[in-house]
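Asks: I'd like to ask you about the structure that follows.
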Amino acid sequence: MNVPEQSKNDDSPEYKMSSEDLDFYYGDFKALNNVTMGFKSCEVTALIGPSGCGKSTFLRCLNRMNDLIPISRVDGKITLDGENIYLPSVDVVMLRRKVGMVFQKPNPFPKSIFDNVAYGLWVNGIKDKAFVRDCVEESLKRAAIWDEVKDRLQDTALGLSGGQQQRLCIARALAVKPEVVLMDEPASALDPIATQKIEELIHQLKEMYTIIIVTHNMQQAARVSDVTAFFYLGKLIEAGDTDSIFTRPTKKQTEDYITGRFG
Amino acid sequence: MIHFQRELDKIKKMILSLGAVVEHRVRGIKQAVEDLEVDWSKEIVHLDREIDEMEVDIEEECLKVIALHQPVAADLRFLVAVIKINNDLERIGDEVVNIARRIQRLAKHPVAPYQFDYTDMADKAENMLRMSLDSLVNQDIDLAVKVLCLDDEVDELKNIAYDRIKLALSEEGGIEDVGYMINLLLISRHIERLADHATNIAEEVIYMIKGEIVRHRKLV
């Protein structure tokens with residue numbers, strides 16, 4: 001496996017990932033309505049909006065996490081490098097390797113720190129011990145936690161602090177060389193110092209990955225993202241450069257939400 | 001009403017109070033210059049401290065709200081605009097003081113060697129300030145744009161004052177009253193600066209409403 005080659009060329013109109021007329025249903029309930037937007041390489045996109053607006057549902061559509069919900073249904077398409085990820089021929093395991101995910105609550109396996117990061121490699125059939133060791137070290141370094149754990153790689157991951165566990169989970173996601181990293185409220189269970197570390201990490205990671213983050217914390221969206229997308233009632237209301245969204249949004253609903261005057 | 005909105009309302013009241021005080025002083029200029037009112041001038045110099053204190057209070061209040069509430073979008077633009085308008089109002093207060101000092105010097109001459117009628121110029125500057133403050137109160141972008149247009153007229157009147165006073169100086173005996181003439185001329189400079197600050201206020205109002213910075217370029 002090689003580190004993904006991604007150009008940082010801003011002139012390229014090509015999106016790493018994009019959704020087109022995406023509808024999503026939980027049974028009869030239409031949770032997403034005609035969402036069309038794109039995500040550029042080496043950029044951080046923040047999805048914001050009130051609870052129930054569809055932002056997490058949308059995030060989970062991007063690596064077909066919602067497939068696990070039996071009554072769900074998707075219309076429209078989502079492409080990764082131009083390929084529709086909802087085609088029947090797509091290998092979902094391979095897709096999720098390319099489009100990794102970090103969850104709200106740190107969820108390390110009840111195993112050693114080393115095993116947590118190596119796990120994704122092992123299930124992908126990689127047995128070469130030296131390669132795995134190097135890959136674990138590199139992933140832990142990229143997740144900015146190597147210095148804190150390098151002397152206790154065989155200790156249980158459950159002994160780490162919440163912030164360390166979350167960075168371990170990020171290392172675990174990075175170990176399988178994803179191209180896109182989805183983050184669902186990655187810092188909401190962490191204290192301000194751990195949050196700052198995660199945000200700093202996001203800044204570093206965006207040089208190599210396409211990052212899409214769902215957050216309830218508007219200041220966090222403002223701090224970490226290049227593009228902000230505001231969702232409301234299953235619709236994408238407005239998406240644009242983060243500095244524009246937070247200084248002069250064009251839609252009144254966006255303005256009302258980010259200034260705390262909703263409803 | 002949310003706590004944050006109450007804070008913003010309080011700041012709005014504070015800046016409008018400062019606006020009212022400054023506007024009141026500016027309204028006195030026309031008569032004071034015409035009659036060289038020394039009493040008015042002394043009072044203005046004495047009262048400037050009040051404006052300075054209000055300005056500091058407003059700035060502190062804005063900084064507090066920014067630090068505690070991290071405002072964005074329209075709220076952020078409002079606070080940035082208030083901080084700048086606050087500064088402009090305080091400077092207008094200073095220009096009124098400058099005019100007051102010129103009046104005191106001019107009044108020392110028992111007989112005025114030359115007179116220039118500043119009524120029109122003072123009227124226009126006063127109007128510009130009133131309109132810019134009204135545009136702030138009513139969020140009226142059209143009115144703010146009108147203020148920007150009036151600024152050229154004030155500049156033109158300043159040029160006329162310059163030409164006339166220069167001419168008076170060059171006439172026979174004019175040079176003996178050079179101090180008087182300079183003080184008289186500087187009044188035009190102060191009124192013109194005052195009008196510039198009113199223009200700034202109007203520009204800030206446009207920024208606050210539209211999120212667009214219109215400084216340094218010609219509108220209309």
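Asks: Going through the cross-link list A:LYS105/A:LYS141; A:LYS105/A:LYS177; B:LYS42/B:LYS84; A:LYS16/A:LYS111, which pairs have a Cα-Cα distance over 30 Å in this structure?
Replies: The pairs that break the limit, which is 30 Å between Cα atoms, are A:LYS16/A:LYS111.
Asks: Before rounding to the nearest 500, sum -39500 (n - 2.57) across all DSSP H runs of length at least 4 in chain A and divide by the residue total; then give [θ] at 222 nm in deg cm²/dmol.
Replies: Calculated at 222 nm, the ellipticity per residue is -10000 deg cm²/dmol.
Asks: Still on this structure, please answer the following. Give the percent of DSSP beta bridges with both residues in chain A that are antiparallel, rounded to the nearest 5.
Replies: Around 60 percent of the beta bridges assigned by DSSP in chain A are antiparallel ones.
Asks: If I take all pairs of Cα atoms in the protein assembly as shown, what percentage of them are more than 29 Å from each other?
Replies: The answer is 62 percent, as a whole percent.
Asks: With all protein chains present, how much of the accessible area of chain A (probe radius 1.4 Å) comes from carbon and sulfur, to the nearest whole percent?
Replies: Working: 6060 of 12280 Å².
That share works out to 49 percent.
Asks: Can you give me the P(r) profile for the range A:146-263? Cα pairs, bins 10 angstrom wide beginning at 0, each as a whole percent.
Replies: Final binned percentages: 12, 39, 30, 14, 5, 0.
Asks: Over chain B, what is the mean sequence separation of C-alpha contacts under 8 Å (at least six apart), divided by residue count, expressed as relative contact order in percent?
Replies: With pairs under 8 Å counted, the relative contact order is 27 percent.
Asks: Charges at C-beta only: +1 for Lys and Arg, -1 for Asp and Glu. How large is the resulting dipole of the protein assembly as shown about its Cα centre, in Debye rounded to 20?
Replies: 2380 debye
Asks: Sticking with this structure for a sec: Name the most mobile residue of B:SER188, B:SER170, B:SER135, meaning the one with the largest mean-square fluctuation, in a Gaussian network model of chain B with Cα contacts below 10 Å.
Replies: Maximum fluctuation in the GNM of chain B, among the listed residues, is at B:SER170.
Asks: Calculate the spin-label point distance for B:GLN5 paired with B:GLU59, positioning each point 7 Å from the Cα along the beta-carbon direction, and give it in nanometres.
Replies: So the two model labels end up 3.1 nm from each other.
Asks: In the range A:215-260, what residues drop by 30 Å² or more in accessible surface going from the chain by itself to the full protein assembly, probe 1.4 Å?
Replies: For the range A:215-260, once contacts with the other chains are taken into account, A:GLN219, A:PHE246, A:THR247, A:ARG248, A:GLU255, A:THR259 lose 30 Å² or more.
Asks: Kindly work out what percent of the DSSP beta bridges joining two residues of the range A:167-263 are antiparallel, to the nearest 5.
Replies: Here the antiparallel bridges make up roughly 55 percent for the range A:167-263.
Asks: How many percent of Cα pairs in the range B:1-150 exceed 22 Å?
Replies: That fraction is 48 percent.
Asks: Please give the net charge around A:THR79, taking every other residue with its beta carbon less than 11 angstrom from that of A:THR79, where Lys and Arg add +1 and Asp and Glu add -1. Let's see the in-between values first.
Replies: Values: positive: A:LYS16, A:LYS77; negative: A:GLU14, A:GLU20, A:ASP81, A:GLU83.
Cβ neighbours under 11 Å give a net charge of -2.
Asks: Moving to a separate point now. If Lys and Arg each add +1 and Asp and Glu each add -1, what is the summed charge of the other residues whose beta carbon sits under 14 Å from the beta carbon of A:ASN217?
Replies: Around A:ASN217, the charge tally is -2.
Asks: Right, next: Given 5 Å bins starting at zero, what is the percent of C-alpha pairs of chain A in each, up to the one with the largest pair distance?
Replies: 1, 6, 13, 17, 18, 17, 13, 8, 4, 2, 0, 0
Asks: What's the FRET efficiency of B:VAL137 with B:GLU172 using the Cβ-Cβ distance as r and R₀ = 60 Å, to the nearest 0.05?
Replies: 0.70
Asks: Just the number please: accessible area per residue for the range B:2-210, 1.4 Å probe, all protein chains included, in Å².
Replies: Values: 9940 Å² over 209 residues.
Normalised by residue count, the accessible surface of the range B:2-210 is 48 Å².
Asks: Most fluctuating residue of B:VAL26, B:VAL178, B:VAL145 in a GNM of chain B with Cα springs under 10 Å: which is it?
Replies: Sorting by GNM fluctuation, first place goes to B:VAL178.
Asks: Also, I was wondering about something else. Using +1 at the C-beta of Lys and Arg and -1 at the C-beta of Asp and Glu, which of B:LEU36, B:ASN200, B:ALA67 has the Cα lying farthest in the positive direction of the dipole of chain B?
Replies: B:ALA67
Asks: Pop out the carbon and sulfur fraction of the accessible area of chain B as a percent, whole number, probe 1.4 Å.
Replies: Of the solvent-accessible surface of chain B, carbon and sulfur hold 51 percent.
Asks: Of the listed pairs A:LYS77/A:LYS251; A:LYS55/A:LYS206; A:LYS98/A:LYS197, which have alpha-carbon separations greater than 22 Å here?
Replies: In this structure, A:LYS77/A:LYS251; A:LYS98/A:LYS197 lie more than 22 Å apart at Cα.
Asks: Run through every distinct alpha carbon pair of the range B:148-220 and return the Kirkwood hydrodynamic radius in angstroms, one decimal place.
Replies: Across the range B:148-220, the inverse of the average 1/r is 14.1 Å.
Asks: From the residues A:VAL117, A:SER51, A:MET65, which one has its Cα farthest along the dipole of the range A:22-132 in the positive direction, the dipole being from +1 and -1 charges on Cβ of Lys/Arg and Asp/Glu about the Cα centre?
Replies: A:VAL117
Asks: If you don't mind, there's one more thing I want to ask. Could you tell me the relative contact order of chain A? Use alpha-carbon pairs under 8 Å, at least six residues apart, and round to a whole percent. Kindly include the intermediate steps, with their values, before the conclusion.
Replies: Values: 482 pairs, mean separation 70.9, N = 263.
Result for chain A is 27 percent.
Asks: Report the net charge of residues surrounding A:LYS197, where surrounding means a beta-carbon distance below 15 angstrom and charges are Lys +1, Arg +1, Asp -1, Glu -1.
Replies: -1
Asks: Can you give the % of DSSP beta bridges in the protein assembly as shown that are antiparallel, to the nearest 5?
Replies: 60 percent
The values are calculated or read from the model by the stated rules, or taken from the named source; none is laboratory data. Just so we're clear, the structure is a prediction, and the values are computed from it rather than from any experiment. Neighbour counts run over all protein chains shown; Cβ positions are idealised from the backbone, glycine included. Areas reflect the complete protein model, heavy atoms only, side chains present, ligands, DNA and RNA absent. Shrake-Rupley method; radii C 1.70, N 1.55, O 1.52, S 1.80 Å.
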